1. With angles folded into 0 to 90 degrees, how steeply does helix 82-95 sit against the dominant principal axis of the chain? Use alpha carbons for both and round to 10.
2. Among the aspartates and glutamates, which fall within straight-line cross-link reach of Lys71, defined as a Cα-Cα distance under 16 Å, with same-chain neighbours fewer than 8 residues apart omitted?
3. Once a ≥ b ≥ c are taken as the square roots of the eigenvalues of the Cα gyration tensor of the range 83-149, is the result rounded (a/c under 1.5), prolate (a/b larger than b/c) or oblate (a/b not larger than b/c)?
4. With a ≥ b ≥ c taken as the square roots of the eigenvalues of the C-alpha gyration tensor of the range 12-94, please select rounded if a/c is under 1.5 and otherwise prolate if a/b is larger than b/c or oblate if it is not?
5. Which FRET efficiency, nearest 0.05, do Lys72 and Lys3 yield, Cβ-Cβ r, R0 30 Å?
6. With the other protein chains left in place, how much accessible area per residue, in square angstrom, belongs to the chain at a 1.4 angstrom probe?
7. Which whole-number percent gives the relative contact order of the chain, counting Cα pairs below 8 Å spaced six or more residues apart?
8. Contour minus end-to-end for Ala122 and Val45, with contour as 0.36 nm per residue of separation and end-to-end as the Cα-Cα distance?
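The values are calculated or read from the model by the stated rules, or taken from the named source; none is laboratory data. Here the structure is a predicted model, which is why all the values come from computation and not from measurement. In this analysis, Cβ positions are derived from the backbone assuming ideal geometry, glycine residues included, and neighbour counts consider all displayed protein chains. Surface areas here come from the heavy atoms of the whole protein model, side chains and all, with no ligands, DNA or RNA. Shrake-Rupley method; radii C 1.70, N 1.55, O 1.52, S 1.80 Å.
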Amino acid sequence: MEKRLFTELGLSPEILKAVDNMGFEEAAPIQSAVIPLALTGRDIVGQSATGSGKTCAFAIPAIEKTDASVKKVQVLILCPTRELAVQVSEEFAKLAFFKRGIQSTPIYGGQSYERQFRALAAGTQIVIGTPGRVLDHLDRGTLKIDARSEERRVGKECRSR
């Protein structure tokens, strides 16, 4: 895999500014390979060593493809542990810093539900969570990942009355 400059990957000025603030100029091999493909909407499976830049490889395209004007969950990242969810959430926050209107929220056990309820209700677009807490929010109806299914459910309730 070849290394390329971030400026060669077709990224927005906001992401380029965030990457620069993080001290990066050259994309890691996994980033050079994944980012351009992910920006086209392709499904990708990537494997790379710890510390090689995988988080940015998937976070950058996810942020770039997120519509800031839509205040609904558009990206769901599952992490096996709360420590990893926090770490990934911190990277997303740094990368999305200059993208106005894009919000990311970590949801994991051991953190207050109230904080998570407020963030989800406010219209966060990117959710980074552990499987257990994500399932819990789905069961409670506080995390909606398919607006169409919600509209169908509401439509059925209205017709049945």
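1. 70 degrees
2. Straight-line reach from Lys71, under 16 Å: Asp146, Glu150, Glu151.
3. The shape class here is oblate.
4. It is rounded, given that a/c, with a ≥ b ≥ c, falls under 1.5.
5. For R0 = 30 Å, the calculated efficiency reads 0.25.
6. With the other protein chains kept in place, the chain gives 60 Å² per residue.
7. 21 percent
8. Result for the pair: 24.6 nm of gain on full extension.
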